[in-house]
Amino acid sequence: MKEGILIINKPNGITSHDVVSFVRRKFQMRQVGHAGTLDPLATGVLVILLGKSTKLFDRFVAFDKSYRATLRLGLKTSTADIMGKTLEERSSEGIDQPKVEEVFKKFIGDIEQLPPMVSAVKHKGKRLYKIAWTGQQVERTARKVRIDDLRVLKFIGPEVEFFMSCSKGTYVRQLAEDVGEVLGCGACISQIERTRVGHFDIKEAVSLEDLNEGHIRSWIN
């Protein structure tokens, strides 16, 4: 039985569970799980737990995380990202980098964030994203989260590339949507990369193509 963790650089277009399935086939073992879901759109650091290390799920999920993402101004969708159905398009004319930076300041620190419908949060025992697939909307309770760093990296309207460092349970897609509402033009995510989970950085993450047993790390409690 193989045990330990893998730091995977998840590619675009597949689910976190797809990565788990790939690892199960690769190492011919069943006891494999991931710590912290990434959407199909998202790339970057995905921690995979092997063997007895799957029992450490809660510890890894609790780690702070960092993201590099791009929000698209003027577009509101059903999933808060460009993969969703377009709900509304508004003009973002007149919105420049200083305006975005000013709004970003409002979201730094301890805030309350409403989980998006397309998320793994449960409502009456059912995942919200499964409810969203039926076209339904349900009442959600805002959760306290923390954003330590939020800054613009590049502004080429209508797209804004930004960096965010935050606590567990913070949704980048929801942040983009909330920022868009404050700006008055709406916004959604067009690209997202998780660059860090705890002290595990994207620079040390391995691609699925290069993955082998030599990449399994031991984890000391």
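The values are calculated or read from the model by the stated rules, or taken from the named source; none is laboratory data. Not measured: the values here are computed from a predicted model. Note that we place each Cβ from the backbone using ideal geometry, even for glycine, and neighbour counts take in every protein chain shown.
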Pull up region 161-182, narrow it to residues that are in a strand (DSSP E or B) and of a type outside the set (Phe, Trp, Tyr), then point me to the one that is surrounded by the fewest Cβ atoms within 10 Å (Cβ to Cβ). 161
Please verify whether residue 185 is farther than 11 Å from residue 65 by Cα and surrounded by 16 or more Cβ atoms within 10 Å (Cβ to Cβ), treating the condition exactly as stated. yes
Checked against (1) in the same structural domain as residue 157 (by TED's automatic domain parsing); (2) farther than 24 Å from residue 166 by Cα, residue 18 satisfies every condition except (1)
Restricting the search to region 60-93, which residues are within 21 Å of residue 163 (Cβ to Cβ) and out of contact with any Asp or Glu (no Cβ under 9 Å at 6 or more places or on another chain)? 63, 65, 82, 92
Looking only at region 61-91, which residues are surrounded by 16 or more Cβ atoms within 10 Å (Cβ to Cβ) and more than 30 Å from residue 211 (Cβ to Cβ)? 71, 72, 73, 74, 75, 76, 77, 78, 80, 84
Looking at 159, 181, 209, 177, which one is under 27 Å from residue 33 (Cα atoms) and either assigned by TED's automatic domain parsing to the domain that holds residue 40 or at pLDDT 90 or above (or both)? 209
For residues that are buried (at least 16 other Cβ atoms within 10 Å of the Cβ) and either assigned to a strand (DSSP E or B) or touching a strand residue (DSSP E or B) at 6+ places or on another chain (Cβ under 6 Å) (or both), tally how many sit in region 26-60. 18
For residue 146, state whether it is surrounded by 13 or more Cβ atoms within 10 Å (Cβ to Cβ), under 20 Å from the mean Cα position of the chain (by Cα) and either modelled with pLDDT of 85 or more or within 22 Å of residue 195 (Cα to Cα) (or both). yes
Scanning region 64-90 residue by residue, the ones that are at pLDDT below 95 and in a loop (DSSP other than H, G, I, E, B) total 7
Go through (1) out of contact with any Phe, Trp or Tyr (no Cβ under 9 Å at 6 or more places or on another chain); (2) touching a residue at least 24 places away in the same chain (Cβ under 8 Å); (3) among the acidic types (Asp, Glu) one by one and return the number of the condition residue 93 breaks. (2)
Considering residues that are under 15 Å from the mean Cα position of the chain (by Cα), over 18 Å from residue 168 (Cβ atoms) and among the β-branched types (Val, Ile, Thr), the number found within region 20-60 is 1
